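Here the structure is laid out as structure tokens; the discussion comes afterwards.
The values are calculated or read from the model by the stated rules, or taken from the named source; none is laboratory data. Just so it is clear, the model here is predicted, and its values are computed rather than measured. Please note: Cβ atoms are built from the backbone with ideal geometry, for glycine as well, and neighbour counts cover all protein chains shown. Side chains included, ligands, DNA and RNA excluded: accessible areas come from the protein's heavy atoms. Shrake-Rupley method; radii C 1.70, N 1.55, O 1.52, S 1.80 Å.
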Amino acid sequence: MIKLTIIATGKLKERFWKEACAEYRKRLGAYARTEVRELPDSTPEREAKAQISSLDALGDAHVVLLDIRGRETSSEELASSIDALTIGGVSHIAFLIGGSEGVTEEVAARAHEKLSFGPITLPHNLARVVLLEQLYRAQRIIHREPYHK
């Protein structure tokens, strides 16, 4: 079973964000061990230290940075990318959501790839929900189960 880690800068405060994330984490449980690590909002320099420390603790995980300048992908392409990674021997994928000012170049350099949900700017709370939903959708696609249409 693949391990998925989400490193998210900023805490979910509102109940509806927490509930949405909890629902998709529960659904993902059938396919992946999923962990969410929340880092405190701060200055970009302090956030970078916490982000780098969290990435270092992951060992050999494949790191994907959510970045508006990253590669745009469809749900099917995301599923295909995850499937190719796992077939290639990757057992741990980490997704990093930066703070409101993004991430430093040092943090960005730690990512194996950058992923974008399109040219729109999403609030970080919503980006986390969208990421979890897309990871769940990807697993359904990979396992050829209905959901994604």
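For region 92-144, the alpha carbon positions stretch 38, 23, 17 Å along the principal axes, listed from largest to smallest. Annotation: the antiparallel percentage among DSSP beta bridges lying fully within region 1-127 is about 5. Dipole size of region 74-149 about its Cα centre, with +1 on Lys/Arg Cβ and -1 on Asp/Glu Cβ: approximately 260 debye, rounded to the nearest 20.
Taking Cα centre as origin and charging only the Cβ of basic (Lys, Arg, +1) and acidic (Asp, Glu, -1) residues, the dipole magnitude of the chain rounds to 560 debye.
For VAL63, the amide hydrogen comes within under 5 Å of the amide hydrogens of ALA94, HIS112, GLU113, counting only partners 5 or more places away or on other chains and with H modelled in the peptide plane.
Our Cα-only numbers for region 19-58 put the radius of gyration and Dmax at 13.4, 37 Å.
For region 12-112, the spread of Cα positions along the three principal axes, ordered from largest to smallest, is 37, 34, 26 Å. Based on protein heavy atoms only, the chain ends up with 54 Å² per residue of surface accessible to a 1.4 Å probe. Computed from phi, the 3J(HN,Hα) profile of region 65-81 under the Karplus parametrisation 6.51, -1.76, 1.60 (θ = phi - 60°) reads 8, 7, 8, 4, 8, x, 6, 6, 8, 8, 4, 5, 5, 4, 4, 4, 5 Hz, with x in place of Gly and Pro. Computed from the alpha carbon positions, the gyration tensor of region 40-92 leads to an equivalent ellipsoid with semi-axes of 26, 17, 6 Å, biggest first. Calculated on the alpha-carbon coordinates, the convex hull of region 54-146 measures out at 101 cubic angstrom per residue.
Based on C-alpha pairs under 8 angstrom that are at least 6 apart in sequence, region 64-149 has a relative contact order of 49 percent. Based on DSSP H runs of at least 4 residues, each adding -39500 (n - 2.57), what is the mean residue ellipticity at 222 nm of the chain after dividing by all its residues, to the nearest 500 deg cm²/dmol? After summing the helix terms and dividing by the residues of the chain, the value is -13500 deg cm²/dmol. The alpha carbon centroids of region 1-39 and region 78-99 are separated by 15 Å.
Counting only protein heavy atoms and using a 1.4 Å probe, what share of the accessible area of region 1-101 belongs to carbon plus sulfur, as a whole percent? So the carbon and sulfur contribution to the accessible surface is 49 percent.
Across the options ILE97, CYS21, GLN51, the greatest Cα extent toward the positive end of the charge dipole of region 1-117 (unit charges at beta carbon of Lys, Arg, Asp, Glu) belongs to CYS21.
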